[in-house]
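Colleague: Have a look at this one.
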Amino acid sequence: MTDIDTTPPAYLRDKYAIVGVGETSYTRGSGMTTRALATWAIKNAMDDAGLNSSEIDGMMSYSGNDSTASPLIAGDLGIRLNFYMDVMGGGSSSEALVGLAMGAIEAGMCNTVVIFRSMNGYSQVRIGGTGARASQPVQGDALHNVPYGWFSAGQNFSPSFMRHMYDYGTTPAQVAMVKVIHSEHASRNPKAYYKTPVTVDDVLSSRMICKPLHLLDCCVETDNATALIVTRATRAYDLRQKPARILAVAGRVCKPRSDMHFQHGPISTVAGHYIKEIIWPNAGITPDDVDITGAYDAFTFTTMLQLEDYGFCDKGEGGDYVASGIMRLGGKRPNNTSGGHLCEGYTHGMNMIIENVRQLRENVDDYCPINSGSSTEQRMHTYNYAEQSCRQVKDVNISMNLGWAMPGTGSSLVMRKG
Amino acid sequence: MVIGDYLGMSLSISDMDTENLTYFGYCSDGEFRLQKCLDCGFIRYPPGTACPWCSNRTFEWVVVEGQGEVHSYGEVHHAVQKGFGEKVPYMILVVDLDTQKGEPTEYEALRVVGNLVDEKGSLASPTLIKNVGIGSRVRMVFNKVSDGLALPFWALDENREQPTTPWRYPEE
């Protein structure tokens with residue numbers, strides 16, 4: 001397949017920013033509708049940014065028919081929309097929608113866009129695939145996979161994960177370190193659903209779900225909504241928070257044969273292999289410039305495969321990378337400092353962007369005390385990364401999110417301190 | 001409309017979905033046929049509406065040998081779908097067909113997905129599963145669901161030499 005020219009639109013670099021972030025609690029059993037969850041998260045993001053309803057005129061969301069619609073939320077919150085777009089999609093949509101929000105503003109369609117994802121991923125449409133989703137009729141194209149019990153995300157991805165172990169000698173213990181490290185990070189996050197640190201042995205001795213995935217290689221299912229607000233950087237400086245400036249975005253980049261990506265190998269190579277041709281030149285940086293990553297952790301393996309294919313290490317050395325401690329708080333390039341999908345909660349990528357925005361503000365919501373004189377509830381960070389203490393990374397300038405839909409599709413977002 | 005039930009799942013193919021109707025219809029007759037592009041001549045899987053290599057929309061259904069080598073696999077120990085509850089563990093194989101392997105580029109192959117089954121066509125036993133991994137030689141078998149619908153599966157190919165130790169997940 002011929003390469004497609006993706007000449008970097010460097011003229012957009014730094015022109016847009018994320019100015020507000022918000023979320024609900026991460027629970028199992030929210031006891032409320034996705035509509036109520038969404039308004040809760042969006043109101044938090046508005047308060048965070050210091051924006052009222054008349055100052056927001058765009059809204060976007062994504063879902064797998066398990067959420068609510070922008071017009072309902074906008075109505076509830078008294079937001080009059082000049083633009084909205086609710087799209088189908090799961091992981092990797094959040095970064096893609098940030099790019100589309102920039103495009104909508106650049107096109108003059110609106111000025112300030114809220115992006116949200118609302119889901120009762122445990123108590124309604126279970127993200128693991130069990131329940132109602134698993135008993136739907138199987139039609140047409142789905143006949144090539146669903147009748148084989150090849151249905152849930154873990155089942156779908158497992159041949160890619162397995163092949164990576166075969167191709168490169170990646171070991172279960174190496175990959176388990178992703179969960180270990182994210183669980184350490186979660187223990188510094190009061191919001192996280194799972195706050196208890198686990199060991200490599202805990203991961204490897206947890207029950208097998210779908211080889212090579214143990215229970216603890218898989219993310220948590222939770223109920224939650226998450227929201228972020230995108231606007232022009234010029235506007236951002238009038239708002240409450242230090243903005244997270246957007247350097248570059250890549251959205252839903254696909255490997256060849258997005259219908260069934262296994263047709264085009266190597267199957268242990270993921271969409272990041274193609275994303276890196278867009279994201280690095282557009283951002284004008286290299287992997288060495290990135291201080292923190294948010295590599296999507298639907299499974300331990302997804303974090304590793306992406307970091308490797310984006311070029312944070314050589315191809316095939318992802319196992320060494322994730323086991324090395326680089327990704328730990330205090331390490332060279334911490335990953336998913338909130339605990340991510342494996343521990344904080346499952347949001348289809350949004351919580352990893354929210355976390356990076358807060359890191360770039362140098363005001364992550366850990367256990368450190370709030371400075372009572374601060375209008376933005378600035379915490380007095382200790383940079384002592386013990387349990388129930390600090391998780392603020394020191395001297396963060398550039399973050400990268402590595403969004404994952406499946407091995408064949410992903411998105412990315414690079415931000416820098418405003 | 002072709003309909004059928006399999007492991008508690010309700011399967012159907014609409015009359016408009018002619019690609020899948022034809023594909024599964026051939027399977028139901030015990031034949032494995034795939035679409036061959038009438039322009040560039042490459043065969044494609046799964047059934048689609050144009051050629052992934054040259055975008056041409058015209059094709060013919062050609063018989064393809066249902067044999068190949070396991071490229072990768074997943075092994076399910078916790079069922080998500082109800083009908084598989086008593087079938088665990090079961091194996092999902094991604095099989096490189098011998099036909100067109102390494103074409104048009106070295107990374108490509110017709111990779112056909114299916115469960116490992118025994119010689120009778122039933123989902124493989126835990127003992128049989130332990131003998132299969134990357135590199136195992138397999139042949140296609142069909143399980144008929146209803147008129148016009150059979151599903152292809154994979155069985156160990158007793159007529160081919162098997163690797164002495166097919167590659168399996170390292171910690172078993």
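Colleague: Under the rule of at least 5 residues apart or a separate chain, name every residue whose amide H is placed under 5 Å from the amide H of B:Val113.
Modeller: Those lying under 5 Å, H to H, from B:Val113 are B:Val95.
Colleague: When A:Asp141, B:Asp5 are ordered from fewest to most other Cβ atoms inside 10 Å of their Cβ, what list results?
Modeller: Taking fewest neighbouring Cβ atoms as first place, the list is B:Asp5, A:Asp141.
Colleague: Name the residue from A:Cys368, A:Ser324, A:Asn351 whose Cα lies farthest towards the positive end of the charge dipole of the range A:306-375, charges +1 on Cβ of Lys and Arg and -1 on Cβ of Asp and Glu.
Modeller: The residue sitting most towards the positive pole is A:Cys368.
Colleague: Can you list residues from other chains, or at least 5 along the same chain, whose modelled amide H is less than 5 Å from the amide H of B:Gly121?
Modeller: Under 5 Å from the amide H of B:Gly121: no residue qualifies.
Colleague: Only Cα pairs under 8 Å and at least 6 apart count here; give the relative contact order of chain A as a rounded whole percent. Mind dumping the intermediate values first?
Modeller: On the way: 994 pairs, mean separation 100.0, N = 418.
The value is 24 percent.
Colleague: Need one number: convex hull volume per residue for the protein assembly as shown, Cα atoms only, in Å³.
Modeller: With only Cα atoms used, the protein assembly as shown gives 147 Å³ per residue.
Colleague: With +1 assigned to the C-beta of every Lys and Arg and -1 to the C-beta of every Asp and Glu, and no other charges, what is the dipole magnitude of the protein assembly as shown about the Cα centre in debye, to the nearest 20?
Modeller: 1360 debye
Colleague: Still on this model: Percent of Cα-Cα pairs per 10 Å bin, from 0 to the last occupied bin, for the range A:151-192, please list those.
Modeller: 24, 36, 31, 9
Colleague: Filter A:Lys191/A:Lys211; A:Lys255/B:Lys120; B:Lys101/B:Lys144 down to the pairs with a C-alpha to C-alpha distance above 32 Å, please.
Modeller: On the way: A:Lys191/A:Lys211 30 Å; A:Lys255/B:Lys120 37 Å; B:Lys101/B:Lys144 27 Å.
Checking Cα-Cα distances, A:Lys255/B:Lys120 exceed 32 Å.
Colleague: Another one. In whole Hz and in residue order, list the ³J(HN,Hα) couplings for the range A:31-40 that follow from phi through the Karplus curve 6.51 cos²θ - 1.76 cosθ + 1.60, θ = phi - 60°; x for Gly and Pro.
Modeller: x, 8, 6, 5, 5, 5, 4, 5, 5, 4
Colleague: I'd like the Karplus ³J(HN,Hα) series for the range B:125-134: coefficients 6.51, -1.76, 1.60, θ = phi - 60°, whole numbers in Hz, and an x wherever there's a Gly or Pro.
Modeller: 6, x, 5, 5, 4, 5, 8, 10, x, 4
Colleague: Take the Cβ-Cβ distance between B:Glu86 and B:Thr165 as r, set R0 to 35 Å, and report the resulting FRET efficiency rounded to the nearest 0.05.
Modeller: The pair B:Glu86/B:Thr165 has a calculated efficiency of 0.75.
Colleague: Once you sort the root eigenvalues of the Cα gyration tensor of the range A:55-112 as a ≥ b ≥ c, which label holds: rounded (a/c under 1.5), prolate (a/b larger than b/c) or oblate (the other case)?
Modeller: Values: a/c = 2.66, a/b = 1.12, b/c = 2.38.
Oblate shape, in that a/c is at least 1.5 and b/c is the bigger or equal ratio.
Colleague: Roughly what would the spin-label model give for B:Val63 and A:Ser54, points 7 Å off Cα along C-beta, in nm?
Modeller: 7.7 nm
Colleague: Report the paramagnetic label zone for B:Ser14: residues of the range A:128-169 whose backbone N is under 18 Å from a point 7 Å from Cα along the Cα-to-Cβ axis.
Modeller: A:136-144
Colleague: Tally the DSSP beta bridges in chain A and give the antiparallel ones as a percent, rounded to 5.
Modeller: 75 percent
Colleague: Can you list the residues, at least 5 places off or on another chain, whose amide H is less than 5 Å from the amide H of A:Ala244, using H built in the peptide plane?
Modeller: Here A:Ile18 satisfy the definition.
Colleague: Over chain B, calculate the relative contact order: mean separation of alpha carbon pairs under 8 Å at least 6 apart, over the residue count, as a percent.
Modeller: Details: 352 pairs, mean separation 37.1, N = 172.
The value is 22 percent.
Colleague: What ³J(HN,Hα) values, in whole Hz, does the Karplus curve 6.51 cos²θ - 1.76 cosθ + 1.60 give for the range A:366-376 when θ = phi - 60°, with x put for Gly and Pro?
Modeller: 9, 8, 6, x, 7, 6, 5, x, 8, 6, 9
Colleague: To continue, here is another question. Based on DSSP H runs of at least 4 residues, each adding -39500 (n - 2.57), what is the mean residue ellipticity at 222 nm of chain A after dividing by all its residues, to the nearest 500 deg cm²/dmol?
Modeller: -8500 deg cm²/dmol
Colleague: Considering the Cα trace of the range B:2-156, what is its radius of gyration and what is Dmax, both in angstroms?
Modeller: Computed over the Cα atoms of the range B:2-156, radius of gyration and Dmax are 16.0, 47 Å.
Bear in mind these aren't lab numbers, they're just calculated from the coordinates by the rules spelled out. Every value quoted in this text rests on a predicted model; they were computed, and no experiment measured them. Every residue, glycine among them, receives a Cβ derived from its backbone with ideal geometry; neighbour counts consider all protein chains shown.
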